[in-house]
Amino acid sequence: MRRGGWLFKHTGDGAYAAFASARAAVEAAIDAQRALKLPVRMGIATGEAELRGDDYFAPPLNRASRVMGAGHGGQILAASSTVALIEGFELVDLGSRRLRDLSEPLQLFQVCGDGLRRDFPPLKTLDSVPGNLPAQATSFVGREAEVAAVREAIQAHRLVTLVGVGGVGKTRLALQTAAEVLDEYRDGAWLVELAPILDAAELTEGVAAVFSVPPQAGGWRDALTESLRGRQMLLLLDNCEHVLDEAASLVEGLIAACPGVTILATSREALGVAGETAWPVPSLGLGADSAASTLFIERSRDVVPDFDPGDDLEVVAEICRRLDGIPLAIELAAARVRSMSPGQIRDRLDERFRLLTGSRRSMERHQTLRHAVQWSYDLLNNIERRVLQRASVFAGGFTIAAAKTVCGHDMDGELDEIEMLDVLDSLVRKSLVNVDRTSAELRYSMLETIRQFAEERLADSGEGETVRDRHALFFADQAEASFELFRSPQEALAYRFVDDEIANARAGFRWAVDHGRADPAIRIAACVHQAARCRLRTETFGWAAEVEDVARQIEHRKLPLLLTMASDSAHGLGQLEEAKRYGHEAIALANDGRFEPFVWAYIDLAIIALFEGDVEGALELVRSGAAHPGDRRDRFNLAFLHSFSALIGRPLPEDEVARGLAQITALGFPSAMAVALGGKASVVAQDDPTAAIDLYQQAIDMLAACGDRLVEQSTRAELARLLARSEDPDPALARFVDIVNDWQICGDTLLAPGVGHLIVLLSRLGDHDGAARLYGAITRGIELDALVPGLDVAIATVRGAMGDAAFLSSRDAGAALSYQAAGELARERIQRARDGLRQSP
């Protein structure tokens with residue numbers, strides 16, 4: 001820009017620019033106004049601002065926006081903060097004016113000059129239009145998109161109700177929108193605060209009082225209607241929830257009788273009037289540069305003017321996230337900056353209802369966060385209250401079935417599904433429960449602030465232990481049912497259960513363990529881990545080991561499964577000796593009639609044998625597992641017999657392969673079918689790489705469709721190994737990126753062979769240091785020679801090229817890396833190798 005300015009933000013059809021001086025800003029505005037063919041409103045305000053990334057944040061931006069909004073196309077307005085710093089311009093003093101979203105009047109000036117229009121209609125300020133909108137004591141932060149959306153809604157509909165949880169900012173959004181559209185209503189915008197009206201019978205009288213309407217013989221309703229009938233105005237009815245029926249009746253009458261009246265209401269529940277548009281008010285956006293964080297910073301500066309978040313930006317973002325982006329909660333937290341650091345505030349948010357209290361001058365329902373939620377809670381009936389407080393035990397959401405089982409007891413009889421749906425529907429309408437319609441089955445949840453309040457009420461009720469017991473038992477039952485699906489053609493449903501309910505499973509497991517509820521703890525630990533591991537989740541590692549002793553003591557029917565999961569967890573973490581102990585114990589119980597038969601421990605022990613270089617032992621284990629009657633349920637051992645035999649160069653006879661594949665396919669267990677297909681691809685690859693690639697891709701597609709990410713990435717690694725044999729290794733290098741990414745998530749030993757195949761390729765391409773470092777990272781406590789053909793030769797080549805000392809130094813450096821750091825190293829070496837291939841002739 002000619003005047004040295006910087007255009008830093010666009011807002012729809014508007015823009016913001018910053019200048020080093022007030023003079024430069026005014027000169028640029030005059031230049032632009034003269035050059036533009038369309039009349040444009042321009043507003044100028046001056047002050048200090050904070051640069052964050054490519055954007056500025058500070059009150060002067062809001063003032064400049066409000067100054068501009070008061071003007072007309074072709075008009076340049078400047079605030080007194082700018083005028084005080086400039087000389088030599090023709091200025092017209094337009095007086096002190098009330099602008100929307102500013103707490104104090106602002107002196108405005110019109111900038112004049114040659115070629116600029118001089119005559120304009122009256123300014124569009126709050127004091128030029130009828131109404132009673134209050135001046136706001138604080139700035140309006142963010143939500144430009146929401147204001148625009150609500151503005152469109154009230155232009156299209158005569159009744160719009162902003163609905164949302166207490167403290168989410170319904171009133172402020174309504175006032176801001178009203179101020180934005182003020183000039184569109186001949187008779188202005190009028191606010192009626194309904195919170196102080198405690199008796200619904202007095203509602204109409206209270207609204208009439210705002211307009212100084214005297215009573216008539218027909219009553220207050222007729223008097224008010226007659227007074228508003230000829231007006232063209234926007235009526236704001238704030239906080240309708242506690243007088244909902246009377247408010248709905250009044251609104252319905254006014255809409256019918258007063259064609260020029262548009263009504264914008266706020267409520268925690270929609271009015272339910274014909275023609276109403278219910279507009280849910282969301283929480284503020286989250287993140288370090290979000291509206292929520294900006295709100296916290298601005299409100300902190302209201303109490304501590306020199307507040308600088310500095311290195312605490314992420315802490316501020318975490319505070320806002322844990323407060324669900326609710327503006328009231330964020331503002332109350334920011335007020336604590338007087339005496340606490342952001343870190344101290346964050347660390348005390350588990351006691352948010354004691355921490356977040358406000359001024360005694362606030363309305364009672366907003367004095368504290370507790371009051372804001374209590375206001376909604378008090379409006380519930382007894383059944384709604386009990387369901388809400390019982391639902392506080394859920395973690396990560398819940399289904400209608402879960403709510404019915406956990407929350408529906410002892411309500412003068414058990415609530416059936418339809419009755420529970422009615423209760424949840426009411427709680428959703430009252431903005432206390434959220435509903436997610438994106439998944440196959442509707443899921444319900446609560447903001448953490450609401451959940452904590454409900455949890456306190458549950459504790460006060462004395463039934464917390466009973467409800468949590470029901471929660472743990474329900475999810476133990478669900479986990480057990482899910483595990484049966486896991487070993488079937490419906491494997492994908494088990495992964496959906498894990499994705500949706502892992503937080504509930506964890507909460508149920510932890511409660512059961514901590515309170516001596518052995519059965520649900522054992523069933524959750526036994527039945528959730530395998531599917532969770534296949535989704536590359538790590539939270540279930542160690543659960544089985546935590547309850548193994550009590551499972552033995554009570555001879556729980558799922559002891560073999562539990563021990564198998566303990567073995568699986570241990571070898572997934574590279575703890576091979578512990579894994580072997582659990583695995584052998586599980587096998588020893590495989591024929592014990594006291595327990596449910598389960599034989600996957602043969603597979604775990606075979607994998608461990610391969611990690612220890614015992615090829616013969618591994619084959620014997622899966623062969624024994626495949627021969628056990630317990631394998632007929634899912635044929636998983638048989639699938640691994642096919643896979644391991646092919647992988648280590650001992651393929652089964654063709655007729656045995658054909659019979660085995662037929663048995664595995666007949667059961668329809670996707671992961672078993674894919675493992676067997678991968679084994680077949682390993683055999684075919686020796687003579688027909690193209691056919692092998694097709695078989696690997698079939699297996700990968702099958703695994704991706706059902707959701708088994710662990711076996712999918714293991715199979716992708718075998719495909720990448722095959723592609724790496726070609727003259728152009730770039731496609732293989734590209735595939736290794738995804739394999740490394742998933743290995744980096746969890747460090748699972750089953751994904752280590754994939755990194756081993758990458759090491760072989762890096763060695764071939766001459767990256768000896770990278771190969772040595774990654775070799776150190778993946779062979780901590782395990783051997784991979786049996787699972788990664790050519791790895792021993794590649795490492796010997798690397799060691800010979802580097803020399804013993806350099807090789808050992810790089811290997812040990814790799815062994816000291818975390819999985820996250822090793823993943824970064826692997827990606828870096830992959831990119832370096834790909835760059836090298838592109839640069840080579």
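Some observations on this one:
- Under 30 Å from the Cα of K404 - lysines, other chains or at least 8 residues apart: K430, K558
- Charge dipole magnitude, Cβ of K and R +1, D and E -1 - the chain, Cα centre, debye nearest 20: 1780 debye
- Rounded accessible area per residue of the stretch 29-146, 1.4 Å, Å²: 49 Å²
- Square roots of 5 times each gyration tensor eigenvalue, C-alpha, the stretch 48-117, largest first, Å: 22, 15, 12
- Here's the picture: charge each Lys and Arg Cβ at +1 and each Asp and Glu Cβ at -1 in the chain, and of Q374, L91, T11 the one pushed furthest to the positive end of that dipole is L91.
- Note that the stretch 576-654 presents 40 Å² accessible area per residue, ligands and nucleic acids not counted, probe 1.4 Å.
- Farthest positive-ward along the chain dipole, Cα basis, beta-carbon charges - from A627, L349, L51: L51
- Top positive-direction residue, dipole computed over the stretch 369-506 with Cβ charges, set F497, L432, A459: L432
- Summed residue charge, Cβ within 12 Å of V467's Cβ, Lys/Arg positive, Asp/Glu negative: 0
- The translational diffusion coefficient of the chain, from Stokes-Einstein at 25 °C and 0.890 mPa s with a Kirkwood hydrodynamic radius over alpha carbon pairs, comes to 77 µm²/s.
- Its Cα gyration tensor gives the stretch 512-568 an equivalent ellipsoid, and the semi-axes of that ellipsoid, as √(5λ) in whole Å with the largest first, are 18, 12, 8.
- Prolate/oblate/rounded label for the stretch 165-214 (Cα gyration tensor, a/c 1.5): oblate
- Ordered from highest to lowest accessible area with the whole protein assembly present and a 1.4 Å probe, D350, D469, D694 read as D350, D694, D469.
- Distance cut-off 23 Å, percentage of C-alpha pairs in the stretch 454-605 lying past it: 35 percent
- What the Cα convex hull of the stretch 774-841 gives, in volume per residue, is 111 Å³.
- Rounded to 10°, Cα long-axis angle of helix 636-647 versus longest principal axis of the chain: 70 degrees
- In summary, the lysines within cross-link reach of K37, defined as a Cα separation below 27 angstrom excluding same-chain residues under 8 places away, comprise K9, K124.
- For the chain, the longest piece that avoids every one of the trypsin sites (Lys or Arg not before Pro) found in DSSP loops with at most 11 other C-beta atoms within 10 Å covers 595-841.
- Neighbour net charge for I587 - beta-carbon separation under 11 angstrom, K R +1, D E -1: -2
- Added length on full extension, which subtracts the Cα-Cα distance from 0.36 nm per residue, A209 to D592: 129.6 nm
- Inter-centroid distance (Cα atoms) of the stretch 547-577 relative to the stretch 681-695, Å: 38 Å
- With both labels modelled 7 Å from their Cα along Cα-to-Cβ, the N434 to A145 distance reads 1.5 nm.
- Cα-based shape type of the stretch 516-606, given that a ≥ b ≥ c are square roots of the gyration tensor eigenvalues and the cut on a/c is 1.5: oblate
- Counting only Cβ charges, +1 for Lys and Arg and -1 for Asp and Glu, the dipole size of the stretch 429-488 around its Cα centre is about 380 debye.
- L159 long-range amide H proximity, modeled H, under 5 Å: I263, T277
- Diffusion coefficient, µm² s⁻¹, Stokes-Einstein with Kirkwood Rh over alpha-carbon pairs of the stretch 222-289 at 10 °C and 1.306 mPa s: 119 µm²/s
- Proximal charge balance of A772 [Cβ under 12 Å; K/R count +1, D/E count -1]: 0
- Rg over Rh, two decimals, the stretch 573-663 (C-alpha only, Kirkwood Rh): 0.98
- Modelled spin-label separation between D410 and D302, with each label point placed 7 Å from Cα along the Cα-to-Cβ direction: 4.3 nm.
- Computed FRET value (nearest 0.05) for E539 with A200, which takes r as the C-beta separation and R₀ as 45 Å: 0.35
- The chain, accessible surface, carbon-and-sulfur percent (1.4 angstrom probe): 50 percent
- Contour excess over end-to-end distance, with Cα ends at D311 and T690 and 0.36 nm allotted per residue: 131.0 nm
- Shown here for the stretch 708-746: GluC sites (Glu not before Pro) in loop regions (DSSP other than H, G, I, E, B) with at most 10 other Cβ atoms within 10 Å, namely E727.
- Measuring between their Cα centroids, the stretch 222-239 and the stretch 144-204 lie 13 Å from each other.
- Shape call, the stretch 708-841: gyration tensor on alpha carbons, a/c limit 1.5: rounded
- The residues of the stretch 388-490 expose, per residue, 41 Å² of accessible area to a 1.4 Å probe.
- Cα-based Kirkwood hydrodynamic radius, the stretch 208-340, one decimal, Å: 17.9 Å
- Rg/Rh, computed from the Cα trace of the stretch 569-625 with Rh as the Kirkwood radius, has the value 0.98.
The values are calculated or read from the model by the stated rules, or taken from the named source; none is laboratory data. A quick note: this is a predicted structure, and the numbers were derived from the prediction, not measured. Virtual Cβ from ideal backbone geometry, glycine too; neighbours counted across all protein chains shown. Calculation scope for accessible area: heavy atoms of the full protein, side chains included, ligands and nucleic acids excluded. Shrake-Rupley method; radii C 1.70, N 1.55, O 1.52, S 1.80 Å.
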